[in-house]
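These notes are about the structure you will find just below.
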Amino acid sequence: MKSILVIGAGKFGHYFCHFLQKQDCEVMIVDGEEDKLSDMLGYVASAKIGDCTRRDVVESLGVEDFEDCVVCIPGDFQNSLQVVDLLRECGAKRITAVASTEIQAKFLEKNGADSVIFPDRDRAERAAVSIADDTVFDYRKLSDGYGIYEIIPPKRWLDQTVVSVDVRRKYNINIISIKTPSGHMVIPTPDYVFNNEDHLMVFCKDAVIEKLQ
């Protein structure tokens, strides 16, 4: 079970903790306002009130014991910088911070953040990909030029097996899993036959999806 410290109980912090709990993570949430924490006790291991721009507060959290520390207070960039800096000084193993712009990301990384999340940009990108192409149902960007896509099988694949289509060699696509018409997720075997109601979770270059569709 991964232990994660989340600082900031705004909208993003709420959703983030909720989904971390679904991933069986042990989460501590910290915020300076008590009323933001009252409805989170059902899906975090602990919730603490505290101003994490203060060194004594950060030191009291035992940040070195968490595998990941996530700073999600995008509405106050100066505070984010301070908290990231204090986490690094107090021995945090890994720090992830939320940013609104590329410039903010650069400053956060200079202050000690190991990685940066762009919630608004990422949501907009996923929505644009799905809306622009009716065959793409979801999208997760992994790095420049690569992503995980949820797609329906091209018509030319229907009623053929994975091995006969030769998906990996011919198309440079790795099928991670398949959501079947019954709603079950399966790891496809070479003899799996593509169905027109299947949803494929695939990993590939973005250019491959554009060419495929």
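Bear in mind these aren't lab numbers, they're just calculated from the coordinates by the rules spelled out. Owing to the predicted nature of the structure, the values given are computational and were not obtained by experimental measurement. For neighbour counting, all protein chains shown are included, and Cβ atoms are generated from backbone atoms with ideal geometry for every residue, glycine included.
Worth pointing out:
- Taking other C-beta atoms within 10 angstrom as a stand-in for reagent exposure, ASP191, ASP206 fall in the order ASP191, ASP206, fewest first.
- Filtered GluC sites (Glu not before Pro), region 1-78: DSSP coil and at most 12 other beta carbons within 10 Å: GLU33
- Here r is the Cβ-Cβ distance between GLU59 and PHE203 and R0 is 41 Å; the resulting FRET efficiency, rounded to 0.05, is 0.50.
- Length gained on full extension, LEU158 to ASP51: 32.8 nm, using 0.36 nm per residue less the C-alpha separation.
- For region 33-107, applying the loop criterion from DSSP together with a ceiling of 15 other beta carbons within 10 Å to the trypsin sites (Lys or Arg not before Pro) yields ARG54, LYS93, ARG94.
- Nonlocal amide H pairs with ASP138, under 5 Å, H built at 1.01 Å: GLU150
- FRET efficiency, GLU67 to ASN172 (Cβ-Cβ, R0 41 Å, nearest 0.05): 0.75
- Cβ crowding within 10 Å averaged over residues, with 37-45, 96-104 ranked highest first: 96-104, 37-45
- Rounded to the nearest 20 debye, dipole of the chain from Cβ charges on Lys, Arg, Asp, Glu: 740 debye
- Modelled label reach - LYS106, point 7 Å along Cα→Cβ, region 53-82 residues with backbone N closer than 18 Å: 77-78, 81
- Applying 1/(1 + (r/R0)^6) with r as the Cβ-Cβ distance of GLN78 and HIS18 and R0 = 30 angstrom yields a FRET efficiency of 0.65.
- Within region 143-200, trypsin sites (Lys or Arg not before Pro) in DSSP loop having at most 12 other beta-carbon neighbours inside 10 Å: none
- Identified option (computed Rg and Dmax of the Cα atoms in Å; candidates (1) 18.5, 60; (2) 20.9, 63; (3) 17.1, 51): (2)
- For region 37-44, Karplus couplings with θ = phi - 60° (6.51, -1.76, 1.60), whole Hz, Gly/Pro x: 9, 4, 9, 9, 5, x, 9, 10
- Degrees separating the helix 77-89 axis from the principal Cα axis of the chain, which is the longest one: 80 degrees
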